[in-house]
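Engineer: One structure follows; several queries about it will come next.
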Amino acid sequence: MQNSKIIAPGVYWLGADDRRLSLFENLFPLEDGVAYNTYAVMGEKTALIDTVDSAVTQQYLENLEGVLDGRSPDYLIVNHMEPDHCSLVAELMRRYPDMHAVGTAKVPALVRQFYGDDISPRFLPVKDGDALDLGGRTLHFATAPMVHWPEVMFTYDDKAKALFSADAFGSFGAHHSGIFDGDWGTGETVEQEMRRYYTNIVGKYGPQVLAALRKASALEIEFICPLHGPVWRNHIPWLLEKYTAWAGYTPEKRGALVVYGSMYGNTGSAASRIAMELAARSAGEVRLYDVSKTHKSYLVAEAFRLSHIVLAAPTYNAGIYPPVREFVEDLGTLGLKGRTAAIIENGSWAPMSGKLLREMAGALPGWTVLEPALTLRGAECGEAELEAFLSIVAGSINEQ
Ligand code: FEO
């Protein structure tokens with residue numbers, strides 16, 4: 001059933017939700033599905049902006065036909081060529097033989113690689129600052145390379161003052177009562193799912209996101225229209241503030257993320273006591289997670305949010321308990337900068353995880369590793385050593 005929405009006069013949302021998908025990119029758990037947003041902008045000429053994932057083709061085509069109402073689109077603006085947004089680019093080029101595709105110069109090769117079609121005879125390459133007159137309104141283009149792929153650009157409609165921002169400002173989650181941020185609320189869940197999306201999907205490219213934000217700061221923006229999540233119109237300054245912090249790897253809060261791995265519960269028990277003691281002794285927020293229970297994508301988001309990270313891991317095969325090691329590797333891959341780490345190791349006869357975690361965390365950019373690490377031997381832990389560890393970590397949080 002046709003289900004498009006009007007964002008502003010001449011600007012339409014014609015996306016769709018996938019509530020069946022359980023893992024985004026076959027990696028990240030989706031608790032509430034995902035929205036594939038796509039748009040149409042109508043002047044004297046009509047421009048479509050991106051398409052959708054193949055899973056929601058039927059809904060998209062019904063929405064498109066409803067919005068076009070018999071018109072043929074003149075342009076397909078390709079802001080992003082990842083398959084969750086471009087699965088219908090080649091198909092629409094075949095359906096509308098007079099339509100031209102518009103994007104950065106890298107787009108035709110990506111269309112050919114994924115779909116086998118050569119769209120170059122009807123492709124209009126654009127560069128930073130180029131514009132496209134639709135008659136009564138003009139689209140302006142700003143390249144945004146590596147937000148989150150190299151071909152990405154933003155498109156700005158100067159009549160509605162709408163920024164079509166590709167993956168930037170996107171979120172996990174599906175639409176419920178409407179497409180706007182007010183319909184999604186700005187409650188904790190929306191913020192968490194937007195942070196989890198940003199940090200895990202785009203987080204590696206903070207400098208590129210900051211460059212794109214600088215370009216966007218010159219624009220008067222009334223709507224931000226990303227490819228996932230709500231369309232933003234009510235809380236744009238808040239959104240830009242969040243993105244500036246995330247892209248700059250700036251902690252949002254003083255506090256400790258305590259992440260532990262535990263085979264038989266002993267490291268977990270120590271981590272639990274330490275988390276509670278830190279909460280009692282410091283002015284920061286403390287969050288405690290079992291890395292074997294909570295998906296790493298949630299822990300990554302928490303690591304971006306908080307200033308300190310306490311890592312607790314048994315020694316395993318003379319190395320670090322694997323899920324803790326993988327979590328720290330993820331933080332390195334995503335380029336998280338400037339956190340303070342504290343380390344708890346466990347080893348009954350030859351503890352090694354502390355030394356190895358210290359090396360891993362110490363190699364991350366701008367990280368500080370507090371000394372000494374705390375050593376557990378099975379369920380045993382010296383009270384004096386524990387007291388010293390708590391004092392150092394709580395003191396560091398309070399100094400932040
Ligand atoms: Fe939602 Fe980079 O694609």
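Engineer: Which residue, C86, C225, C381, tops the fluctuation ranking in a GNM of the chain built on C-alpha contacts under 10 Å?
Structural biologist: C381
Engineer: Among L386, I119, A280, flag the residue with its Cα farthest along the positive direction of the charge dipole of the chain, charges on Cβ as +1 for Lys/Arg and -1 for Asp/Glu.
Structural biologist: L386
Engineer: Separate question: Run the simple label-point estimate for N26 and A350 please: 7 Å along Cα→C-beta, distance reported in nm.
Structural biologist: Roughly 3.8 nm, to one decimal.
Engineer: Suppose the Debye formula is applied to equal point scatterers at every Cα of the chain; what is log10 I(q)/I(0) at q = 0.11 Å⁻¹?
Structural biologist: For the requested q values the scattering log ratios are -0.80.
Engineer: Now, a different point. Counting only protein heavy atoms and a 1.4 Å probe, tell me what percentage of the stretch 1-151's accessible area is made up of carbon and sulfur.
Structural biologist: That fraction is 50 percent.
Engineer: DSSP loop chymotrypsin sites (Phe, Trp or Tyr not before Pro) in the stretch 339-400 with at most 12 other Cβ atoms within 10 Å of their Cβ, which ones?
Structural biologist: W349
Engineer: So what is the relative contact order of the stretch 273-359, in percent, for Cα pairs below 8 Å that sit 6 or more residues apart?
Structural biologist: Relative CO of the stretch 273-359 lands at 29 percent.
Engineer: Rounded to the nearest 0.05, what FRET efficiency do H176 and R281 have when you use their Cβ-Cβ distance and R0 = 51 Å?
Structural biologist: E(calc), rounded to 0.05, equals 0.80.
Engineer: Taking θ as phi - 60°, what are the ³J(HN,Hα) couplings along the stretch 320-328 by the Karplus curve (6.51, -1.76, 1.60), each to the nearest whole Hz, with x for Gly and Pro?
Structural biologist: With coefficients 6.51, -1.76 and 1.60, one gets 8, 3, x, x, 5, 4, 5, 4, 5 Hz.
Engineer: With charges set only on the Cβ (+1 for Lys and Arg, -1 for Asp and Glu), what does the dipole of the stretch 218-272 come to about its Cα centre, in debye to the nearest 20?
Structural biologist: 220
Engineer: While we're looking at this one, here's another question. At 0.36 nm per residue, minus the direct Cα-Cα distance, what do A384 and D118 gain on full extension? Give it in nm, one decimal, please.
Structural biologist: 88.8 nm
Engineer: Roughly how big is the chain's charge dipole about its Cα centre, with Cβ charges of +1 (Lys, Arg) and -1 (Asp, Glu), in debye to the nearest 20?
Structural biologist: In total the dipole reaches around 520 debye.
Engineer: For the stretch 367-377, just list the computed ³J(HN,Hα) in residue order, Karplus coefficients 6.51, -1.76 and 1.60, θ = phi - 60°, integers in Hz, with x standing in for Gly and Pro.
Structural biologist: 7, 10, 10, 6, 10, x, 5, 9, 10, 9, 10
Engineer: For the stretch 1-93, which GluC sites (Glu not before Pro) are both in a DSSP coil and crowded by at most 12 other Cβ atoms within 10 Å?
Structural biologist: Those that pass, being in a loop and sparsely packed, are E25, E31, E44.
Engineer: For the stretch 190-207, just list the computed ³J(HN,Hα) in residue order, Karplus coefficients 6.51, -1.76 and 1.60, θ = phi - 60°, integers in Hz, with x standing in for Gly and Pro.
Structural biologist: With coefficients 6.51, -1.76 and 1.60, one gets 4, 4, 5, 6, 6, 5, 5, 5, 4, 5, 7, 9, 10, x, 5, 9, x, x Hz.
Engineer: Listed here are the pairs K242/K296; K159/K204; K215/K337; which of them are more than 27 Å apart at the Cα?
Structural biologist: Listed pairs above 27 Å: K159/K204.
Engineer: Looking at the stretch 286-354 only, what percent of DSSP beta bridges run antiparallel? Nearest 5 please.
Structural biologist: If I count the DSSP bridges inside the stretch 286-354, around 20 percent turn out antiparallel.
Engineer: Heads up, I need the accessible area for T375: 1.4 angstrom probe, whole protein in place, Å², nearest 10.
Structural biologist: Around 60 Å² of this residue is reachable by solvent.
Engineer: Projecting each Cα onto the charge dipole of the chain (Lys/Arg +1, Asp/Glu -1 at the beta carbon, about the Cα centre), which of A218, P29, A373 comes out farthest on the positive side?
Structural biologist: A373
Engineer: Count the DSSP beta bridges whose two residues both fall in the chain, then state the antiparallel fraction as a percent rounded to the nearest 5.
Structural biologist: 45
Engineer: OK, next. For the stretch 86-142, report the translational diffusion coefficient in µm²/s to the nearest whole number, using Stokes-Einstein at 20 °C, 1.002 mPa s, and a Kirkwood Rh over Cα pairs.
Structural biologist: Stokes-Einstein gives a translational diffusion coefficient of 176 µm²/s.
Engineer: Output the Cα-based Rg and Dmax of the stretch 166-230 in Å, rounding Rg to one decimal and Dmax to a whole number.
Structural biologist: 12.3, 35
Engineer: For n ≥ 4 DSSP H runs only, could you compute -39500 (n - 2.57) per run for the chain, divide by its residues and tell me the 222 nm figure to the nearest 500?
Structural biologist: Taken over the chain, the calculation gives -10000 deg cm²/dmol.
Engineer: For the stretch 188-272, what Kirkwood radius comes out of the mean inverse Cα-Cα distance, in Å?
Structural biologist: 15.2
Engineer: Which one, Y249, G319, T51, is farthest towards the positive end of the dipole of the chain when Lys and Arg carry +1 and Asp and Glu -1 on their Cβ?
Structural biologist: Toward the positive end, the furthest listed residue is G319.
Engineer: Among DSSP beta bridges lying fully in the stretch 1-105, give the percent that are antiparallel, nearest 5.
Structural biologist: Around 70 percent antiparallel, to the nearest 5.
Engineer: Also: Taking 0.36 nm per residue of separation and subtracting the Cα-Cα distance, what length does fully extending S217 through I6 add?
Structural biologist: Length gained, S217 through I6: 73.5 nm.
Engineer: Compare K337, K161 by solvent-accessible area with a 1.4 Å probe and give them largest first, with all protein chains kept in place.
Structural biologist: K337, K161
Engineer: Of the residues A373, A312, A218, which exhibits the maximal mean-square fluctuation in a Gaussian network model of the chain defined by a 10 Å Cα contact cut-off?
Structural biologist: Between A373, A312, A218, it is A218 that shows the largest mean-square fluctuation.
Engineer: Any idea what the dipole of the stretch 140-298 comes to, in debye rounded to 20, about its Cα centre with Lys/Arg Cβ at +1 and Asp/Glu Cβ at -1?
Structural biologist: 540
Engineer: Starting from the Cα of N234, step 7 Å toward the Cβ, then list every residue of the stretch 7-31 with an amide N under 18 Å from that point.
Structural biologist: 7-8
The values are calculated or read from the model by the stated rules, or taken from the named source; none is laboratory data. Since the model is a prediction, treat every value here as computed from it, not as a measurement. All Cβ positions, glycine included, derive from the backbone under ideal geometry; neighbour counts span all protein chains shown. Accessible surface areas use protein heavy atoms only, side chains included; no ligands, DNA or RNA. Shrake-Rupley method; radii C 1.70, N 1.55, O 1.52, S 1.80 Å.
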